Every structure is written in C-alpha cells, then in structure tokens.
Amino acid sequence: MIDLGLTKLALIGAVALVVIGPEKLPRVARMAGSLYGRAQRYIRDVKSEVSREIELDELRKMHKDVQDAASTVQDTVSQNLNDIQADISSSWNEGSSTSEYDKLTSSTSPERLAIKARNFRKKKLARSSAVPAWYKNTHGRRARIISGAARVAKYRPAGASGAAASSSYFF
C-alpha cells in the first residue's frame, strides 16, 4: 500500500488543518477513518472470496481425480471378476463328472466319517469349554462333579452296612 511515515502524516495533517479549518477537521478525520475502514473490509472480503474460489476449484479438481481413480478401480475389478467367472465356468464345463468331493467321500467309509465327527466334536468342546483340561489337571480341580449322596456311597467304609447306618439317623 502507500508508505506513510510519521513525517508524511504530520504534513498531511497540517495541510488539512489549513485547508479545512479547525472546526470541521475532527468530523472530516472521522469520516476519513470510516472510509478507510470500509475500504479495508472490502479488500479483505474480496481476498477471502478469491481464496474461496481457488479452494473450490482445487476441490473440484481433486473430486474429478478421485472419481477417475474410482472408475479405473471399478473397471479393473469388474474385468478381473469377469475373467474369473469365465475361468470357473470353463473349468466347470470341461471338468470330469466326478468332482474332488465325490472322490474324497467315496474313499472314506461311514465308520471313519463317524469317528472323524466324534473327534471333531470332542475338539470343539475342548476349545469352547470355560476352563482348559490341562489347567484343571495341574491345579487339582475336579473334572467331574458328583453329588453328595454319590460321594458318601463311594467313600463309605466297607464294614458298615447300609441298614445299620441308615437306622441310626431315625429316632
């Protein structure tokens, strides 16, 4: 902008005082200040509008680039998918009547399948149980819980008869 130093402002003020007069100088100075502020606001608004337009133009360009990249990716994916579908359909039509699944199931007997299923269930139960068996075995926790009556019957002394022991409880 204009390079105004202190000496230039003092010179302008002295000329304005002589030309305008001391009575009207404060009003003219206020008006000049408000006009200068309006000019600054107008310049700031123009600058911000220009920068917004530049940013909007950059965003439009970036949006176009992203759309081009997305369409390219979509085209390549659809091309690969079509190639894979064509390969699968050609191998399905050219393949023999017995598939790999038929070959595997014909070689295994029903007994072997039952054993595999049972082992699978055991492994799945071991994986899904809350406390692992190795932890129970190493920390002395019981793996099987029996009722109190079954425990008494299991650990009852051999010499005590069932009738004599049960009659002592009745009065």
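The values are calculated or read from the model by the stated rules, or taken from the named source; none is laboratory data. Given the structure is predicted, the values throughout are model-derived calculations rather than measurements. Note: ideal-geometry Cβ built from the backbone for every residue, glycine included; neighbour counts use all protein chains shown.
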TODO: Within the range 132-149, work out how many residues are surrounded by 10 or more Cβ atoms within 10 Å (Cβ to Cβ), modelled with pLDDT of 70 or more and among the hydrophobic types (A, V, I, L, M, F, W, C).
DONE: 1
Open item on the list: Being modelled with pLDDT of 65 or more and surrounded by 10 or more Cβ atoms within 10 Å (Cβ to Cβ) is the filter here; which residues of the range 103-116 pass it?
Closed with: T108, R112, L113, A114, I115, K116
